[in-house]
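Report on one structure; see the data block that follows.
The values are calculated or read from the model by the stated rules, or taken from the named source; none is laboratory data. Because the structure is predicted, anything quoted here is derived from the model rather than measured. Using ideal geometry, Cβ is built from the backbone for each residue, glycine included, and neighbour counts are taken over all protein chains shown. Side chains are part of the model used for accessible areas, which takes the heavy atoms of the whole protein and leaves out ligands, DNA and RNA. Shrake-Rupley method; radii C 1.70, N 1.55, O 1.52, S 1.80 Å.
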Amino acid sequence: MRVPGSPTVVQAAAALLFLLLAACGGGGDGNTGPGPTNPPVRVPASVTFEGGSTATGTVGVALPAVTVLVRTADGLPVARASVSFSVSAGSLASTSAQTDDAGRASSGAWTLGTTAGTQTLTATAGPASGALVVTARAGTAVRLEFVTAAPATVRAGVPMNPAPSLRAVDQFNNATTGVQVSATIQTGGGTISGGSATADAAGVATFTGLSIGGTIGTRVLAFSSQGLPVVASGAIAVDPGLASAITLTNVPATARAGIVVVPAVEATVSDAFGNALTKPSTAVTISMAQGGGSVAGGTATTDATGKATFPALAVEGLIGDKRLRVSADQASVTTGIIPLFAGPAASLAIAFQPARTDNAAPFAQPIRVQVADRFGNAVGDVRDVTAAIASGGGAIVANTVRSDAAGVATFSLLKIVGLSGPRTLSFAAAGLTSALTAPIQLDPGPVRGFVMLQPPSPVVAHGVPFAQQPVLQAADTSGNLIKRSGILVRATLLDASGELLNESTLTDAAGVATYQQLTYLAPGTLPPAFRLRFSSGTQAVLTTGSVGVQLPVPTGVSGVLYGASTRKLYVMDAGTSLPLTAAAFGPGGAPMPGVPMVYTSANAAVVDVASNGTLRAMAPGSAWVRAFGAGSPSVRDSVYVTVPRDATGPVVMTTQLVPIVVRPGLSHDFDLVLDTRGTTVGAATILVGVPQELVKNSGIAWQGSPGTQIGFDTGFNTLRISYVNATGATGQVVLAKIRINTGQPDFFVDREIVITPQEVVSVNLVNLAGRATGVNIPLVP
């Protein structure tokens, strides 16, 4: 700030010159003109402070004089202007002044008010004014005073609530900030935690985590800050703190389920300083820490000595090793292992029951009933247990059994006789609560016979499906028709040799077994007749009368094509179908649409074939399916089907679509492909089993793809292909290119190249080998 002074000599000379020129009329050329004019009056438009519009100071302390600048609207200084000064608090040594030629004017010294905060000095010149805002700080702290007093009663080691708070004030009672305040124990001994606090922006130092540790009793705390008088709290009663340690007595070495533990378990609770929790009384609970089950009578409170007693404590649940947890507040302790044994016999429990059984037949797995305590724990108790039908009607056979030394009654010969439908059984023994089974479905009994709904043709032709296919219905020993799907019925030859094609079928939902394309192939010499034996299991048999045999009408079939000539190897997921058909051709390749086709699977459990040639994948495995024209079984065509183990698991396949023909000089090239089938595969190991003839005669060559390593194990004639992809592969990945050279003289037919995924690992390190499937490539002459 600048304090205004007297005009300079230069300024005085300039003023005198101005007056002389005015007296002479401002001449220069001697002409007479108008008289002199006064300069325009400057009007104040702004008042600003030389040091800025803000400042700081201390309450009750004087600030030096303040200089303001008074200017016109276009920024020119206003001289000789009167400036008045006023303040919102405190006092000024001078409240008015006049600007100098530079437009400056100064106030007298400003002694700030005694209240900390914002204070304002206002300077006014004519219509203009300006304000200086001063932040008045508190003065030096002279004493401490409580804002919130320490509570009269606290718990040892527990933060005080409410938390004590103090402030340091100056001589005018303004709170000062940043003051460090400490709390110490003045009388009573012990320890203190959280004994330091700093005054916040409001000047309050709050001891948020302040606690007193040590034995119970009375304490007085001293609060101090450097240079200030010490302030003492009132008397503070220290009670026991939170539970920190629990000491157990009378913990049992063993227990019986549901039986009260004697003598009673006792738990003595103390805080972190060894004070027994004599007050307030503390809840103590016992719960199960390990071994499952529950605890009865596991709640108590500490008495005047800090001890909780559990006179009704019992461990409930299944037998086994248990550990109990005893808890109070945040403290807990766990017992050692307490073996729990069964309680006294109280009930019967169903140890095992099947969900269904067949009429008039012993259960496939016998019902077992266990003598048990009220929690279901097995009790070794020998007594008679009797079964009865609780719902569903009918009769029961072999219904009383004596339990063994382990308390188990096994109903090995128990049978239910009656109409099919749900049953519940009850089991009872003297003095025990009975047991009731869940619903058991009574199905028609085992197949003990058949009802022939449609007999086979009385005369059949070699290689031609029976004109009238057999239709049978299975029945049980009570004459109930077995209306159940999935019963396997098999036809076999009696009195003649030869082969039956499509000799097995399954019953439908109505329990009816309908044959399709049951066909007889004579061995060479045509027998005059044969009988058919239909069976399901070992006890259900039906034998037909004599069926005559004759030669078929010549068809002239010289060729058969099943599906497409370019595709004979297929991979099908279980439950899917593939619509293929076969066609017969005569000499010269002329179509013979009038010749019906016969289809048969070498393993119908893997892949079934319908009478129209459609394939249906049944279960994991591989099988040939062939087709021939009726009456010409020696002219045929085949397809080879592989069914993977998992419809979503990876599959290792090839681009070879037909069996490899083994003839001299032929080469076959194909790719070995990993189809991840939606899984991201990080690594795979594939084994390719190669027939000895190919290995011995160098009949196989290979080239690995990027990321693939290939080695050959001569001991097992196995090509090992290892594939790794650091980021994981999806879709179809070519692992290797394989070349097969065939036709060596000592090559045996009916062999295969077997491709097996030994290991397939996802990017998440899950081994998918159990779900992965490989294919085989047949070798044919």
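Brief remarks follow.
- Helix 9-23 axis, angle to the chain major axis (alpha carbon atoms, nearest 10°): 70 degrees
- Kirkwood Rh (inverse of mean 1/r, distinct Cα pairs), segment 230-325, angstrom: 14.8 Å
- Of Asp373, Asp713, Asp381, the order by accessible heavy-atom surface (1.4 Å probe, DNA, RNA and ligands excluded), from most exposed downward, is Asp713, Asp381, Asp373.
- Binning all Cα-Cα separations of segment 488-572 at 10 Å, short to long from zero, yields these whole-percent fractions: 13, 35, 29, 20, 3.
- Ranked by how many other beta carbons lie within 10 Å on average, peptides 546-556, 232-242 from highest: 232-242, 546-556
- Length released on extending from Thr655 to Arg739, taking residue separation times 0.36 nm less the Cα-Cα span: 29.1 nm
- Longest to shortest principal axis, alpha-carbon extents of segment 348-501, angstrom: 71, 29, 22
- With the simple spin-label model, which puts each label point 7 Å out from Cα in the Cβ direction, the Thr153 to Ala264 separation comes to 2.6 nm.
- The distance separating the Cα centre of segment 184-206 from that of segment 293-347 comes to 43 Å.
- Convex hull projection area averaged over all views, segment 75-181, Cα basis, nm²: 10.3 nm²
- Using alpha carbons only, the radius of gyration of segment 166-281 set against its Kirkwood radius gives Rg/Rh = 1.27.
- Per residue, the solvent-accessible area of segment 568-686 (1.4 Å probe, heavy atoms of protein chains only, all protein chains present) comes to 39 Å².
- Sequence-distant lysines (8 or more away, or on other chains) whose Cα lies within less than 29 Å of Lys568: Lys696, Lys737
- For segment 379-431, the Kirkwood hydrodynamic radius from C-alpha pairs, put into Stokes-Einstein at 4 °C and a viscosity of 1.567 mPa s, yields a diffusion coefficient of 109 µm² per second.
- In the chain, helices alone account for a calculated mean residue ellipticity at 222 nm of -1000 deg cm²/dmol, with every DSSP H run of four or more residues adding -39,500 (n - 2.57).
- Spatial separation of Cα centroids for segment 524-575 and segment 687-741, in angstrom: 39 Å
- Based on C-alpha pairs under 8 angstrom that are at least 6 apart in sequence, segment 392-506 has a relative contact order of 16 percent.
- Mean separation of Cα contacts under 8 Å, 6 or more apart, over the residue count of segment 523-591: relative contact order %: 27 percent
- Residue-count net charge about Val371 - beta-carbon cut-off 14 Å; Lys, Arg +1, Asp, Glu -1: 0
- Phe628 accessible area, assembled protein chains, probe 1.4 Å, Å²: 0 Å²
- Here Lys307 is the anchor, and the aspartates and glutamates within straight C-alpha reach of less than 12 Å, apart from those fewer than 8 places off in the same chain, are Glu266.
- Note, ³J(HN,Hα) from phi for segment 240-251, Karplus 6.51, -1.76, 1.60, rounded to Hz, x at Gly and Pro: x, x, 6, 4, 10, 9, 10, 10, 9, 10, 6, 5
- The relative contact order of the chain comes to 5 percent, based on Cα pairs under 8 Å that sit 6 or more residues apart.
- Protein-only accessible surface at a 1.4 angstrom probe places the residues Phe427, Phe341, Phe146 in the order Phe341, Phe146, Phe427, largest first.
- Largest to smallest accessible area among Thr95, Thr679 [probe 1.4 Å]: Thr95, Thr679
- Evaluated at q = 0.19, 0.23 Å⁻¹, a Debye calculation over the C-alpha positions of segment 659-707 (equal weights, vacuum) places log10 I(q)/I(0) at -0.84, -1.07.
- Placing dummy labels 7 Å off each Cα toward the beta-carbon, the span from Gln330 to Gln758 is 5.8 nm.
- Working ranking of peptides 293-300, 324-331, 572-579 by packing, defined as the average number of other Cβ atoms within 10 Å per residue, highest first, is 324-331, 293-300, 572-579.
- Around Ala79: net Lys/Arg minus Asp/Glu count, Cβ-Cβ under 13 Å: +2
- Couplings for segment 325-338, taken from phi via the Karplus curve 6.51 cos²θ - 1.76 cosθ + 1.60 with θ = phi - 60°, read 10, 9, 10, 8, 6, 8, 8, 8, 9, 10, 6, x, 5, 10 Hz in order; Gly and Pro are left as x.
- Alpha-carbon geometry of the chain: the Rg and the Dmax are 53.9, 168 Å, given in that order.
- Working from the Cα coordinates of segment 573-683, the gyration tensor eigenvalues give, after taking √(5λ), semi-axes of 30, 20, 11 Å in decreasing order.
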